[in-house]
Amino acid sequence: MNNSANDRRGAVISAGFGLAGQISDVFWRKPVILLLLMLTPPLLWLGVVYIGSLLALLAQSFFSIDEFSGLINYHLTLKTYGELLNPANLDIILRTVLMAAIVTLASVIVAFPVAFYAARYARGRWKALFYLGVMLPLWSSYLVKIYAWKLILAKEGILNWFFELTHLKWLLDAYLAIPLIGGNSLSVSYTGTFLVFLYVWLPFMVLPMQAALERVPANFLEASSDLGATPWQTFRNVLLPLALPGVIAGSIFTFSLTLGDYIIPQIIGSSRLFIGQAVYSHQGTAGNIPLAAAFTVVPVVIMGFYLWMAKRKGAFDAL
Amino acid sequence: MKPAVTFINVSRYFGSVKAVNEVDLAIQEGEFFAMLGPSGSGKTTCLRLIAGFERPTGGEIKILDEPIQDIPPYRRNVNTVFQDYALFPHLSVAENVAYALMIRKVDKKQRLQQAEEALEMVRLGGYGDRRPSQLSGGQRQRVALARALIGKPAVLLLDEPLGALDLKLREEMQEELKQLQRALGITFVFVTHDQSEALSMADRIAVFNEGEIAQIGTPQDIYHRPETEFVANFVGSSNVLPAALVRQMSGRTGIASLRPESIRVVAEGGHTAIVTAKSFLGSATRLSLDLYGAGFNALVDNSFGSVEIGAPIQIDWDDADMHLIEGA
Amino acid sequence: MTSILKKISVTVLASTFLVQGAMAGKLASLGAGEGQVNIVAWPGYIERGETDAAFDWVTKFEEQTGCKVQVKNANTSDEMVALMNEGGFDLVTASGDASLRLIAGKRLQEINTDLIPSWKDIDDRLKDAPWHTVDGAHYGTPYMWGPNVLMYNTEVFKEAPTSWNVVFEEMTLPDGKSNKGRVQAYDGPIHVADAANYLMAHNPDLGITSPYELNPDQYKAALDLLREQRKLVSRYWHDAFIQMDDFTNEGVVASGSWPFQVNILQSQGAKVASTIPAEGATGWADTTMMHADSENPNCAYMWMEHTLSSNLMSDLSVWFGANPGVPAACTDGRGMQTAEGCTTNGMDDFDKIKFWTTPVSKCASQNDTCVPYYRWVSDYIGVIGGR
């Protein structure tokens, strides 16, 4: 019968979803259960594996190595941190931080026009080409890229050949003669290390920057120009402050990646150590785990300080 | 009186799209001028041409007799109130208003004082320390106005300034804008697609259609004496009587416009029309009618009694209200 | 208080060394294979023709014995020690720095040389080498060894350099140009031993008897020499392939190196050769050693015999640029290696080589006042950093 109560009920509530359907119903009524189910595994992972290992590392840095036997002394002490202040270790820290800062600054400068063009003007096929161009370097092996750069920068490499071809070799030689940033060839100089860092981390700056610039409405720029601001003034007073969260996000990538990398300076550069390499050599055969741990704490502290400064300067106000 | 803005044969093409096509226009100093038209008619592009955000493909634009098509927007003494206000979210209300002064390197104390005065002018005194996100739509609108006026522009451009506001606020702001314009004596050029807004506020109106100006005139001219069928239709949604009907009724040639409010319901002796739809508007009732096979709109007062959809009804109007459109 | 603690720890250490003498007995006789053998090895040490079909010394063994060979690669000595501590392996190709640690940690068992028919073929110079023999007990079969040679460019050096001074002291090379920026050194703290080895010959007053046992004064002299070297070196080498690239593209003409790089560069037609200068050289020697708790002892013994008797050492010698622990592998045509090839690899220079061991503070030659390895690490970092 059409009018029976059961048929009427079926018209209102569709049945037949089985057990899976009933589980979905429970989730719908109590969304907290679903949230717990979804979040517990990653939180456990993060909590135990990540935070746990970080704490273990931190603990290690408060031990010290026994001068006599080379064994680790499991008494809490700040001696290992004191060792960080040795001239040689301080050199490593300063060298790394300075490089990271310069690489970050340079990537902001190089990435901005690219990101700005992509965010404001590129459409359709050009936009796809932009993404391809920026992402392509990320797809090929990191090592392959660095070896390729070694070939470009070597004394008998592509760049040198190009300078010779254009009779500008004197320019390169004059540059390489500058102490500190120069060297026997580009590939054994800080300049080479810098160039490769810049190349490898640039996509990590371009992408967040482009995302941030895309969120700045076009009429903000017109409004600024309308109120008498030259393009440069518009850039300084409107575009940069509004794109700052993207710049900060990108700089966190480029800065921390440079701080931690130990492969690029090993292949390109003058063999002077960076923090990552120092960690690698101290934790290896040397068995000086406390000093290695203390070295790893350095970038963590620097990044914490950097974020705190950025927050104080209002970098996240426009979020 | 010299013209504040002059367009001489100005065109702006986007590829094959003629957004603005050979427009001639003269806006007088101190005038409240409206650019009215449906979306895509070229009115906003004209505004952007004056502001300098677009450059003409051809023709000449003058502001106060100065040719300005080669002058960038930041060097034109023209300011704009944007449709969605474009207030800078990272600056406070006062900093937004004082932006133009900051750019001109006016000293900080002085510019904040001027900003406060400008805010008082738009009845927002004391709001300077807030962020734009903490204001209501109407308040933001007035901040945008204060920001655009603080530099004392020769011409103020307003792009659909009331579009985002609700009806009541919109009516209030219309009155306020008119008073402000009268008090300041600045030329206002404002773009709208809302014909009632244009009619109630403007000294003169340019009606745009497909990149060209269909008619320029006072609100009365535009409303009562439309020169084209488009203007008649767009402004006040006139009934357009086909030429055959006009000849039959009045013996004149050409098509004619007839305002909906000119139509009355009569007991007998009028034209017989069929009611196809009706809607009660409070102070009046709008009827959709079928008259000799043509669709008609009528706005009638509620005293005519009740009528059923599908029922015949007698309607009439004064011949004088029937405006013959020339050139059609 | 501290001195008491020190005494206690010394006693504990001493007793651990004593205990090792009383380790579980060696295997008395061989039985049937267990079907598998698990080996911890340096990368490239155990090839089954997968990298290059010509280099295969596993397949035949598996066919003959039915023991499936499973290899776990380790990149550092520490990794090897860690893996052996974890357990589950039968054999390890340990270097001189790891082997004694493993023995002291009781991770290895003494082997019964009578169960290995080819033991007699082992190079006499290696049979009782101290890195695998403790108190007359053998803990493994010698595998491969090699010197750290001086590689040089034959266009610059018409005759082989006779001294390491070309990489330690600023000088004009035979082509009339300075060696500044044209020489390299190894980017590892063990390079301190190379400096010490050089001083051993040129500054006998320091009284260095082993480059791995340096008292503070000797150590300081070595570091000073390395600081001078820093001015000559643009980039230290770390990765064998990067060094090869530096010789071809960066204008490097002389450096400490491995026969491995020399062989490959020569096969590519590069104008390089290698030599062991008058001061001698440092080097490395690896041993196949057996886990104390090996679950597949029969297959493990079969593998050890296989390393000594088959084509393995001969082909590996070609593959890796190293010297076989069995001299006959160079000459009897069991594999690809020839007598000339072994000479290139440094087979005849055994006596000139100071094999690598980990520097520890307890050293016989300097009254237990040696500078330990971890100091080498931090100080060498400082030297490269310009301190």
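Just so you know, all these numbers are worked out from the coordinates, no wet-lab data involved. Since this is a predicted model, take the numbers as computed values, not measurements. Glycine also receives a Cβ, built like all others from the backbone with ideal geometry; neighbour counts cover every protein chain displayed.
Among rounded, prolate and oblate, which fits the range B:3-233 when a ≥ b ≥ c are the square roots of the eigenvalues of its C-alpha gyration tensor, a/c under 1.5 means rounded, and a/b larger than b/c means prolate?
Details: a/c = 2.00, a/b = 1.46, b/c = 1.37.
It is prolate, given that a/c is not under 1.5 and a/b is the larger ratio.
Report the one residue of B:Ile63, B:Gly305, B:Thr285 whose Cα lies farthest in the direction of the positive end of the charge dipole of chain B (charges on C-beta: Lys and Arg +1, Asp and Glu -1; origin at the Cα centre).
Checking the options against the dipole of chain B, the answer is B:Ile63.
Whose amide H sits under 5 Å from the amide H of C:Thr154, counting only residues 5 or more places off or on another chain, with H placed in the peptide plane?
C:Val272, C:Ala273
Restricting to DSSP H runs of at least four residues, report the calculated mean residue ellipticity at 222 nm for chain B, -39500 (n - 2.57) per run over all residues, nearest 500 deg cm²/dmol. The partial results should precede the final answer.
Details: 10 runs with 91 residues, N = 328.
Value at 222 nm, helices only, nearest 500: -8000 deg cm²/dmol.
Dipole of chain A (Lys/Arg Cβ +1, Asp/Glu Cβ -1, origin at the Cα centre): which of A:Met205, A:Leu159, A:Gly228 lies farthest to the positive side?
A:Gly228
Counting only other chains, and only Cβ atoms inside 10 Å, what mean value do you get across the residues of C:179-192?
Numbers: counts 0, 1, 5, 2, 0, 1, 1, 0, 5, 3, 4, 1, 0, 0.
Mean inter-chain Cβ contacts per residue within 10 Å come to 2.
Do any chymotrypsin sites (Phe, Trp or Tyr not before Pro) in the range B:221-328 lie in a loop, going by DSSP, with at most 15 other beta-carbon atoms within 10 Å of their beta carbon, and if so which? Kindly include the intermediate steps, with their values, before the conclusion.
On the way: sites: B:Tyr223, B:Phe230, B:Phe234, B:Phe280, B:Tyr292, B:Phe296, B:Phe304, B:Trp317; in loops: B:Tyr292, B:Trp317.
Sites meeting the loop and neighbour criteria: B:Tyr292.
In terms of the Cα gyration tensor, with a ≥ b ≥ c the square roots of its eigenvalues, is chain C rounded because a/c is under 1.5, prolate because a/b exceeds b/c, or oblate?
Values: a/c = 2.15, a/b = 1.24, b/c = 1.74.
Oblate, because a/c is 1.5 or more while a/b does not exceed b/c.
Run the reach check for C:Lys127 against lysines, Cα to Cα strictly under 25 Å, same-chain hits fewer than 8 apart removed. What comes back?
Filter leaves C:Lys26, C:Lys106, C:Lys352, C:Lys354.
Aspartates and glutamates within cross-link reach of B:Lys108: Cα-Cα under 12 Å, excluding same-chain residues under 8 positions apart?
Reachable aspartates and glutamates: B:Glu95.
Rounded to the nearest 5, what % of DSSP beta bridges with both residues in the protein assembly as shown are antiparallel? Could the numbers behind the result be given before it?
Values: 74 of 107 bridges.
Within the protein assembly as shown, antiparallel bridges account for around 70 percent of the total.
Per residue of C:119-128, how many C-beta atoms from partner chains lie within 10 Å of its own C-beta, taken as a mean? Write out the running numbers ahead of the final one.
Values: counts 0, 0, 0, 0, 0, 0, 0, 0, 0, 0.
Taking all residues of C:119-128 together, the mean is 0.
Does the protein assembly as shown classify as rounded, prolate or oblate by the C-alpha gyration tensor (a ≥ b ≥ c root eigenvalues; a/c under 1.5 gives rounded; else a/b over b/c gives prolate, otherwise oblate)? Don't skip to the end; give the middle numbers.
On the way: a/c = 3.09, a/b = 2.42, b/c = 1.28.
Judged from the Cα gyration tensor, the protein assembly as shown comes out prolate (a/c at least 1.5, a/b above b/c).
Rounded to the nearest 500, what is chain C's calculated 222 nm mean residue ellipticity when only DSSP H runs of at least 4 contribute -39500 (n - 2.57) each, over all residues? Kindly include the intermediate steps, with their values, before the conclusion.
Numbers: 15 runs with 143 residues, N = 387.
Helix-only estimate at 222 nm: -10500 deg cm²/dmol.
What is the dipole size for the range B:240-324, taken about its Cα centre, with +1 at each Lys and Arg Cβ and -1 at each Asp and Glu Cβ, in debye to the nearest 20? Show your work: numbers first, answer last.
Details: 6 positive and 9 negative charges, 48 e Å.
The dipole of the range B:240-324 has a size of about 220 debye.
Can you tell which of C:Glu213, C:Glu110, C:Glu155 shows the greatest fluctuation in a Gaussian network model of chain C with Cα springs below 10 Å?
So, out of C:Glu213, C:Glu110, C:Glu155, the one fluctuating most is C:Glu155.
How large are Rg and Dmax for the range A:79-312 when calculated on the C-alpha trace, in angstrom?
20.4, 65
If amide H atoms are built 1.01 Å from N in the plane of the peptide, which residues on other chains or at least 5 residues away come under 5 Å of the amide H of C:Val134?
C:Tyr139
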